[in-house]
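*Asks:* Can you keep this structure in mind? I'll have questions shortly.
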Amino acid sequence: MNNRCGDVTEMLRRRKLDFCCLQETRWKGEHSKTEGGNKLFWKGYNEGAAGVWMMVAEKWVKNVIGKTIHG
């Protein structure tokens, strides 16, 4: 998934989706970043197995007041 954020961002725009959640991303740690105006949150395990992420469309980003992810 490391090089696919742009693809997912484009898919959200094309399909006019506001939210997208993916599982089995294999990303490590917990973080968030902005990608193409969308906000991306993820939670992964240190081993790089499993993991999930959620992308929120640009129009909703200002409504995200924080993130709390408990493993």
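*Asks:* Looking at the range 37-66, I want the residues that are among the hydroxyl-bearing types (Ser, Thr, Tyr) and have a partner that is surrounded by 12 or more Cβ atoms within 10 Å (Cβ to Cβ) with Cβ atoms under 8 Å, at least 6 apart or on another chain. Which pairs are those?
*Replies:* Qualifying pairs under 8 Å: 45/28; 45/51.
*Asks:* Please go through the range 17-50 and pick out each residue that is basic (Lys, Arg) and closer than 13 Å to residue 60 by Cα. Lay out the reasoning, then the answer.
*Replies:* Kept after step one, since they are basic (Lys, Arg), are these residues of the range 17-50: 26, 28, 33, 39, 43.
Selection gives 39 alone.
*Asks:* Here is a follow-up. Just to be sure before I move on: is residue 4 exposed (fewer than 13 other Cβ atoms within 10 Å of the Cβ) and more than 10 Å from the chain's Cα centre (by Cα) in the structure I sent? Spell out the reasoning first.
*Replies:* On the way: exposed (fewer than 13 other Cβ atoms within 10 Å of the Cβ): yes; more than 10 Å from the chain's Cα centre (by Cα): yes.
Against the criterion (exposed (fewer than 13 other Cβ atoms within 10 Å of the Cβ) and more than 10 Å from the chain's Cα centre (by Cα)), residue 4 qualifies.
Values quoted throughout were computed directly from the atomic coordinates according to the rules given, and no laboratory measurement underlies them. Remember, predicted model here, so these are calculated numbers, not experimental data. Here the Cβ is made from the backbone with ideal geometry for all residues, glycine too, and neighbour counts use every protein chain on show.
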